[in-house]
Structures are given as C-alpha cells and as structure tokens.
C-alpha cells in the first residue's frame with residue numbers, strides 16, 4: 001500500500017527528514033513516535049502530498065505522490081490536528097460540501113451510513129460549532145472516508161479526547177485495518193500507540209531511530225527503548 005524509499009525533506013538548512021525507508025501493507029496500523037521536531041508531522045504531510053519531498057520517493061498503491069499526486073490522493077484520507085471544518089454548517093452540510101469538492105459525491109443514504117459508522121448520525125443536522133472536539137474529529141473522519149480510501153493518515157488523533165472518545169476511535173481504526181485498510185498515525189503517547197499499532201517507529205532528528213513490533217516487545221520494554229531512542233530528538 002505504501003512504499004517510501006530514501007525520503008528526505010529540508011526547509012532551508014534544516015533537515016526535517018533524512019533518508020526514511022519503510023513499507024506498509026494492507027491491514028497494518030503503523031505509529032510514528034517522538035518529541036516535537038522529530039519529523040512526524042512532516043512525514044505525514046509528504047505522504048498526503050501537502051509537501052513535496054526534497055529527495056527520495058513515496059508511492060501509494062504504486063502511484064508516486066510527486067509525479068501522480070491526484071491518483072495518490074484518491075487512495076488516502078487525512079485527519080490532521082486542525083480539522084478544517086466549517087463551524088456554521090451542519091454535520092451533513094459539511095460532508096456534502098467536501099464530497100462535491102473532492103469529486104466524491106454521496107447521496108443522503110450514503111452520508112447517513114458514513115455518519116452511523118462514526119457514531120454521529122444522531123447529530124447530522126447540528127452545526128459543527130456545537131460539537132465537542134471528539135465529535136468534530138469524527139466528522140473529519142467521516143469526511144476522510146468520503147472517497148473510500150485505502151490508507152488513512154492521522155496526526156495526533158488522541159489529543160484532547162476523553163477516554164470514551166479515544167476508545168471509539170481505536171475501535172474504528174482496528175475495524176478499518178481488519179478490512180485491509182492501512183493506517184499511519186503520529187502520537188506522543190507510547191503506551192496508547194503500543195496498544196493500537198502493529199509496528200512502532202521512533203523518529204529522532206528526522207531519522208528512524210528504532211522500529212518495534214508491538215506483539216514482540218512487551219510494553220515496559222518498549223517504554224525503556226522509547227526513552228533511549230527518542231532522547232536525541234529536538
């Protein structure tokens with residue numbers, strides 16, 4: 001689903017990513033961890049086509065994000081920290097608008113099915129401004145699913161969520177992966193990431209400092225490795 005080879009990204013003299021190589025298969029949840037400045041969000045933005053690589057390549061389902069960005073975008077759904085929703089529109093109006101914008105129109109029944117999947121069907125006629133952060137995130141998630149993506153990108157998805165909302169999101173991501181979808185997410189919380197992701201990549205100064213399979217490394221051992229590997233991040 002995702003192939004990254006020799007990926008680097010610089011902003012002037014600052015090297016945000018340096019020689020990243022990784023692949024993600026169908027049904028896999030992969031989490032990037034590391035303090036601010038490690039390169040997590042930059043990596044997601046390159047994969048999402050929002051940023052252009054300085055060098056290296058990123059392919060989504062075989063399509064290069066630089067040479068074939070439109071084909072790549074058709075296969076991904078993104079939820080970033082700023083949900084970019086219209087507060088004065090209702091939930092269903094937001095989805096209808098973005099469906100037209102993304103050329104992924106859905107009829108009323110299909111929109112209802114999407115909202116039911118994220119647990120917001122009962123709030124579809126409410127203005128987004130009246131929703132909690134967790135509910136806004138679910139609207140953004142429904143929007144990300146409008147084009148039936150094969151790859152979901154999440155930047156710090158659990159920030160600001162209460163326990164119930166976090167559990168709802170985890171169930172959704174596991175369900176998406178179980179249907180052969182792939183998930184990339186960033187997180188500051190190594191405990192939560194270990195319990196959710198199949199693989200964990202610790203970034204430090206734009207490089208992969210450590211890669212861990214959660215089913216092979218117990219949580220406490222991973223937490224020790226995380227502290228050591230992430231220690232050099234800016």
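Tabulated values for the structure
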| quantity | calculated |
| --- | --- |
| Single match in 158, 97, 176 (criterion: at pLDDT 90 or above and within 23 Å of residue 24 (Cα to Cα)) | 176 |
| For residue 138: the one exception among (1) farther than 24 Å from residue 182 by Cβ; (2) surrounded by 14 or more Cβ atoms within 10 Å (Cβ to Cβ); (3) within 22 Å of the chain's Cα centre (by Cα) | (1) |
| Near pairs, Cβ below 7 angstrom, 6+ apart or cross-chain, from the stretch 212-228 (surrounded by 11 or more Cβ atoms within 10 Å (Cβ to Cβ)) to any residue that is in a loop (DSSP other than H, G, I, E, B) and at pLDDT 90 or above | 213/198; 214/197; 214/198 |
| Any hit, the stretch 110-118, residues being touching a residue at least 40 places away in the same chain (Cβ under 8 Å) and loosely packed, with under 15 Cβ neighbours inside 10 Å | no |
| Hits in the stretch 80-131 - residues which are over 27 Å from residue 45 (Cβ atoms) and either assigned to a loop (DSSP other than H, G, I, E, B) or touching a strand residue (DSSP E or B) at 6+ places or on another chain (Cβ under 7 Å) (or both) | 88, 90, 107, 119, 124, 125, 126, 127 |
| Counted residues, the stretch 132-155 - those being part of a helix (DSSP H, G or I) and within 30 Å of residue 25 (Cβ to Cβ) | 9 |
| Any hit, the stretch 162-173, residues being under 30 Å from residue 228 (Cα atoms), exposed (fewer than 13 other Cβ atoms within 10 Å of the Cβ), modelled with pLDDT under 95 and touching a helix residue (DSSP H, G or I) at 6+ places or on another chain (Cβ under 9 Å) | yes |
| Given (1) buried (at least 22 other Cβ atoms within 10 Å of the Cβ); (2) under 11 Å from residue 31 (Cα atoms); (3) over 15 Å from the mean Cα position of the chain (by Cα), index of the condition residue 190 fails | (1) |
| Matching residues in the stretch 52-92 - criterion: being within 11 Å of residue 143 (Cα to Cα) and crowded, with 16+ Cβ neighbours inside 10 Å | 77, 78, 79, 83, 85, 91, 92 |
| Unmet requirement for residue 195, which otherwise passes all of (1) under 20 Å from residue 119 (Cα atoms); (2) loosely packed, with under 15 Cβ neighbours inside 10 Å | (1) |
| Test result for residue 65, over 26 Å from residue 222 (Cβ atoms) and either at pLDDT below 95 or in contact with a helix residue (DSSP H, G or I) (Cβ under 8 Å, 6 or more places away or on another chain) (or both) | yes |
| All positions within the stretch 1-27 that are under 17 Å from residue 37 (Cα atoms) and either outside the structural domain of residue 180 (by TED's automatic domain parsing) or out of contact with any helix residue (DSSP H, G or I) (no Cβ under 9 Å at 6 or more places or on another chain) (or both) | 8, 10, 12, 13, 14, 15, 18, 19 |
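The values are calculated or read from the model by the stated rules, or taken from the named source; none is laboratory data. Fair warning: this is a prediction, and the values are worked out from it, not measured in the lab. Because the Cβ atoms are built from the backbone with ideal geometry, glycine has one as well, and the counts that use them run over all protein chains shown.
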